[in-house]
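Structure first, commentary second.
The values are calculated or read from the model by the stated rules, or taken from the named source; none is laboratory data. The model shown is predicted, which means the values in this text are computed figures rather than measured ones. Don't worry about glycine lacking a Cβ; one is built from the backbone with ideal geometry, like all the others, and counts go over all protein chains shown.
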């Protein structure tokens, strides 16, 4: 899908997803390093204060930022044993249908995540130890859900642009 010759917007979306994947990789590295430092610190009775909440917040960034890139690069696990045996038009229809379901799922998730982020912001919710506001991370995750919807839209377009409608 990343090679699709879609509109110029697709190139920008693709670059955004690639940039987000780099940030996701940095977050994953930070989570690993923080975990190691915390475990070693606990061994000598000096754990990293707030490590649990920092890891949780970085986890939201890690997951949210990696979803769109994973889809654009075709890195998801596809169960194509059945679809490969279907006629091309039926397979394309199945692929489009599943992407439409994904758009609906991520749109509903994005709306609800935004609602939850607003509630967190209004309540002034912060992490227990470090007092980091939680709502910005929640909004970021919601934005990633909507970006994921856009990626699925381009996936659908690419099915019709490619000859035969194959992935």
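Checked against (1) within 22 Å of residue 55 (Cβ to Cβ); (2) crowded, with 17+ Cβ neighbours inside 10 Å, residue 149 meets all criteria but (1). The condition of being touching a helix residue (DSSP H, G or I) at 6+ places or on another chain (Cβ under 8 Å) and without any contact (Cβ under 8 Å) to a residue 40 or more places away in the chain holds for only one of 125, 119, that being 125.
Does region 138-157 include one or more residues that are more than 18 Å from the chain's Cα centre (by Cα) and outside any helix (DSSP H, G or I)? For region 138-157, residues more than 18 Å from the chain's Cα centre (by Cα) and outside any helix (DSSP H, G or I): absent. Reported count of residues in region 108-134, each being part of a helix (DSSP H, G or I) and in contact with a strand residue (DSSP E or B) (Cβ under 9 Å, 6 or more places away or on another chain), is 2. Looking only at residues in region 79-103 that are surrounded by fewer than 12 Cβ atoms within 10 Å (Cβ to Cβ) and within 23 Å of the chain's Cα centre (by Cα), which one is farthest from residue 144 (Cα to Cα)? Among those residues, the one meeting the criterion is 79. Number of residues in region 33-75 that are surrounded by 12 or more Cβ atoms within 10 Å (Cβ to Cβ) and assigned to a helix (DSSP H, G or I) equals 30. For region 1-17, does any single residue satisfy the condition of being under 13 Å from the mean Cα position of the chain (by Cα) and assigned to a helix (DSSP H, G or I)? Among the residues of region 1-17, at least one is under 13 Å from the mean Cα position of the chain (by Cα) and assigned to a helix (DSSP H, G or I), which makes the answer yes. Residue-level analysis places residue 95 outside the set of residues that are part of a helix (DSSP H, G or I) and modelled with pLDDT of 95 or more.
Selection of region 76-87 for residues being in contact with a helix residue (DSSP H, G or I) (Cβ under 8 Å, 6 or more places away or on another chain) and assigned to a loop (DSSP other than H, G, I, E, B) yields 76, 86.
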